[in-house]
1. Would you mind telling me which numbered condition in (1) at pLDDT below 95; (2) open to solvent by 90 Å² or more (accessible area, probe 1.4 Å); (3) of a type in the set (A, V, I, L, M, F, W, C) Ile74 fails?
2. Which members of the stretch 154-173 meet the condition of being open to solvent by less than 20 Å² (accessible area, probe 1.4 Å) and within 16 Å of the ligand (Cβ to nearest atom)?
3. Residue check, Gly151 against (1) surrounded by fewer than 19 Cβ atoms within 10 Å (Cβ to Cβ); (2) of a type in the set (Gly, Ala, Ser); (3) within 19 Å of the chain's Cα centre (by Cα); (4) within 16 Å of the ligand (Cβ to nearest atom), all met but one. Which one?
4. How many residues, within the stretch 181-221, are without any contact (Cβ under 8 Å) to a residue 24 or more places away in the chain, open to solvent by 60 Å² or more (accessible area, probe 1.4 Å) and either more than 16 Å from the ligand (Cβ to nearest atom) or not hydroxyl-bearing (Ser, Thr, Tyr) (or both)?
5. Does Gly166 satisfy the condition of being within 23 Å of Leu227 (Cβ to Cβ) and among the small types (Gly, Ala, Ser)?
6. Please work out which one of (1) open to solvent by 70 Å² or more (accessible area, probe 1.4 Å); (2) touching a strand residue (DSSP E or B) at 6+ places or on another chain (Cβ under 7 Å) is the condition Ala50 fails and give its number.
7. Being without any contact (Cβ under 8 Å) to a residue 60 or more places away in the chain and in a strand (DSSP E or B) is the requirement here; does His58 meet it?
8. Quick one: would you say Gln224 is within 16 Å of the ligand (Cβ to nearest atom) and among the polar types (S, T, N, Q)?
Amino acid sequence: MTFGGFRGVTVQAKDEFKLWQGMLIAGFIVGGIVYALIFWSSVMYRRRHADYIPHQFHSNKPIEIIYTTLPILIIVGIFYFTVVTENEVDAVSSTPSEIVHVVAYRWGWQFSYDSGYNVSQGVLIKTAAEPKLLALPFASNEYPRLLLPQGETVRIVLTSADTIHGFYVPEFNFSRYAQPGVTNEFDFTPTTIGTYSGQCTQYCGLYHSEMRFSVQVVTPAKFQQWLTTTQTSQAQGAA
Ligand SMILES: [Cu+2]
């Protein structure tokens, strides 16, 4: 059961999905017990005849202790699993296989690949400078594409050139602010080959809806090949 969530196509996204699934299952169990008790007591202890007065008593210590400690234990459990998952998702590797600088701007995305940790020699992918209301599918060539190697950990260094934007890839179960003056760093380890949609999630102006991009996960060999080819063609273009 996915409960409307994405199973996730990165190692981090799968962790998020497990948390989502676990919390919903726990929620359904608690909800089920609560609804069953409400139904049971309203049927069993209904007013059977007009002059009926039920047994009167003041308090019930064992039940009060149970209904105080049980919710506390549930909250502690939810808190524990949330912190564990957040730490897994936010963990950054000291040896990522690639570093991609992502800059959000009105109205588009810039992806520059370090490739050997040298931005000037890396690969630059940008949205076209002239914004138009295109409303095309995410994977359209009009929008920039973030290529990632399958099974390798890639560091994303995210910032904004102007206002607050949101970097969101639904199937990665991941969203983060792109803020001017702030750098957010996180890792993706894609597990599944495919093309996934991305979108700005902060309303940032007229062409906000055009801040689309796609994320394509390919084999490491294909990724290296793409990197080399694009690097060469960009170097020739600049010369
Ligand atoms: Cu935006």
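The values are calculated or read from the model by the stated rules, or taken from the named source; none is laboratory data. The structure displayed is predicted, hence computed values, not measured ones. Every residue, glycine among them, receives a Cβ derived from its backbone with ideal geometry; neighbour counts consider all protein chains shown. Quick note on the areas: whole protein, heavy atoms, side chains included, nothing else; ligands and nucleic acids left out. Shrake-Rupley method; radii C 1.70, N 1.55, O 1.52, S 1.80 Å.
1. All conditions are met except number (2).
2. Leu158, Ser160, His165, Gly166, Phe167, Val169
3. So Gly151 meets the others, but not (4).
4. We begin by selecting, within the stretch 181-221, every residue without any contact (Cβ under 8 Å) to a residue 24 or more places away in the chain; these are 181-182, 203, 221.
Checking which are open to solvent by 60 Å² or more (accessible area, probe 1.4 Å) leaves us with 181, 203, 221.
If we keep only those that are either more than 16 Å from the ligand (Cβ to nearest atom) or not hydroxyl-bearing (Ser, Thr, Tyr) (or both) as well, we get 181, 221.
Residues flagged as without any contact (Cβ under 8 Å) to a residue 24 or more places away in the chain, open to solvent by 60 Å² or more (accessible area, probe 1.4 Å) and either more than 16 Å from the ligand (Cβ to nearest atom) or not hydroxyl-bearing (Ser, Thr, Tyr) (or both) within the stretch 181-221 amount to 2.
5. Answer is no for this residue.
6. The failed condition is (2).
7. Taking the combined requirement at face value, the residue does not satisfy it.
8. Against the criterion (within 16 Å of the ligand (Cβ to nearest atom) and among the polar types (S, T, N, Q)), Gln224 does not qualify.
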